[in-house]
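Enquirer: Right, I'll just put the structure down here and ask away after.
The values are calculated or read from the model by the stated rules, or taken from the named source; none is laboratory data. Every value quoted in this text rests on a predicted model; they were computed, and no experiment measured them. Virtual Cβ from ideal backbone geometry, glycine too; neighbours counted across all protein chains shown.
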Amino acid sequence: MRIKLLSNKEEKTNMGRPTTKNDLLIAAAEKYEKLNDLILGLTKQELAIAFDFSKDVKKKEAHWQRDKNLRDIYIHLYEWQQLLLRWVRSNQNEEKRPFIPEPYNWKTYGDMNIAFWKKHQDTSLEEAKEMFRQSHMEIIKLAQTFSNEELFSKGVYKWVGGSTLGSYFVSVTASHYDWAMKKLKAHKKNCADKQDQVAM
């Protein structure tokens with residue numbers, strides 16, 4: 001996942017992406033609920049079958065090969081939310097900390113994602129689900145402590161750089177939940193296609 005930094009012009013024309021505190025909180029809640037509804041609708045078979053997108057040439061990004069199950073998705077969402085929580089809290093305490101921790105950077109964050117994946121291969125699905133649930137709640141609580149201006153005006157915090165703090169919150173909640181739903185829907189389609197082939 002890459003944090004998408006938008007210019008003012010792009011922010012005004014991209015109506016689908018929250019640009020106010022209220023819109024951020026609504027979008028995060030709605031997408032979280034939609035993601036959970038989608039997960040609740042997964043069958044035992046869909047949960048048991050490993051993700052395999054190797055036959056789809058359009059799915060070139062590394063994450064299509066990396067994540068093999070729902071646990072991996074939960075963990076990815078959780079770890080990116082932890083990045084935001086640590087980044088904000090450290091800088092609020094005047095401890096300078098980049099969003100992407102060393103030794104990684106925006107050019108090598110794919111390696112960081114692999115490290116997250118490896119770190120949690122012994123984490124159970126239930127543990128990952130609970131970690132993500134708590135993390136989502138922490139993110140929402142933290143977002144609520146900021147004003148609309150603090151979240152969506154540039155230059156409020158030097159440590160945020162040229163973007164807005166709110167854009168990071170959007171990226172690790174609503175936008176990332178969309179990413180997760182897209183992957184799960186693609187997996188469901190693959191499972192249905194396999195069943196159709198067996199039936200034939």
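Enquirer: Evaluate the range 94-105: report whether one residue or more is hydrophobic (A, V, I, L, M, F, W, C), within 23 Å of L25 (Cα to Cα) and outside any helix (DSSP H, G or I). First the steps, then the outcome.
Expert: Kept after step one, since they are hydrophobic (A, V, I, L, M, F, W, C), are these residues of the range 94-105: 99-100.
From what's left, within 23 Å of L25 (Cα to Cα): 99.
Those left that are additionally outside any helix (DSSP H, G or I): 99.
Yes, some residue in the range 94-105 is hydrophobic (A, V, I, L, M, F, W, C), within 23 Å of L25 (Cα to Cα) and outside any helix (DSSP H, G or I).
Enquirer: List pairs: first residue in the range 11-30 and under 16 Å from Q144 (Cα atoms), second residue modelled with pLDDT under 95 and outside any loop (DSSP other than H, G, I, E, B) anywhere in the structure, Cβ distance under 7 angstrom, at least six positions apart or on different chains.
Expert: From residues that are under 16 Å from Q144 (Cα atoms), the pairs are T19/E11.
Enquirer: Turning to a different aspect of this structure: When the range 110-124 is examined, which residues are found to be surrounded by 14 or more Cβ atoms within 10 Å (Cβ to Cβ) and in contact (Cβ under 8 Å) with a residue 24 or more places away in the chain?
Expert: Scanning the range 110-124 gives G110, N113, F116, W117, H120, T123.
Enquirer: To continue, here is another question. Which of the helices (runs of 4 or more DSSP H) contained wholly in the range 128-200 include at least 3 residues that are under 16 Å from the mean Cα position of the chain (by Cα)? If you could, list the steps in order and put the result at the bottom.
Expert: On the way: elements: 148-152, 165-170, 176-199.
In the range 128-200, the matching helices (runs of 4 or more DSSP H) lie at 165-170, 176-199.
Enquirer: If you check L165 against the conditions, is it within 26 Å of I75 (Cβ to Cβ), of a type in the set (A, V, I, L, M, F, W, C), touching a helix residue (DSSP H, G or I) at 6+ places or on another chain (Cβ under 9 Å) and surrounded by fewer than 17 Cβ atoms within 10 Å (Cβ to Cβ)?
Expert: Details: within 26 Å of I75 (Cβ to Cβ): yes; of a type in the set (A, V, I, L, M, F, W, C): yes; touching a helix residue (DSSP H, G or I) at 6+ places or on another chain (Cβ under 9 Å): yes; surrounded by fewer than 17 Cβ atoms within 10 Å (Cβ to Cβ): no.
Criteria not met by L165.
Enquirer: Can you give me the number of residues within the range 15-40 that are of a type outside the set (V, I, T) and over 20 Å from E130 (Cβ atoms)?
Expert: Here is the first cut: in the range 15-40, the ones of a type outside the set (V, I, T) are 15-18, 21-25, 27-38, 40.
Applying the additional criterion that residues be over 20 Å from E130 (Cβ atoms) yields 15-18, 21-25, 27, 30.
Residues that pass the stated criteria total 11.
Enquirer: Suppose the filter is of a type outside the set (D, E, K, R) and touching a Lys or Arg at 6+ places or on another chain (Cβ under 7 Å); does F53 pass it? Talk me through it step by step, then tell me what you get.
Expert: Numbers: of a type outside the set (D, E, K, R): yes; touching a Lys or Arg at 6+ places or on another chain (Cβ under 7 Å): yes.
It is true that F53 is of a type outside the set (D, E, K, R) and touching a Lys or Arg at 6+ places or on another chain (Cβ under 7 Å).
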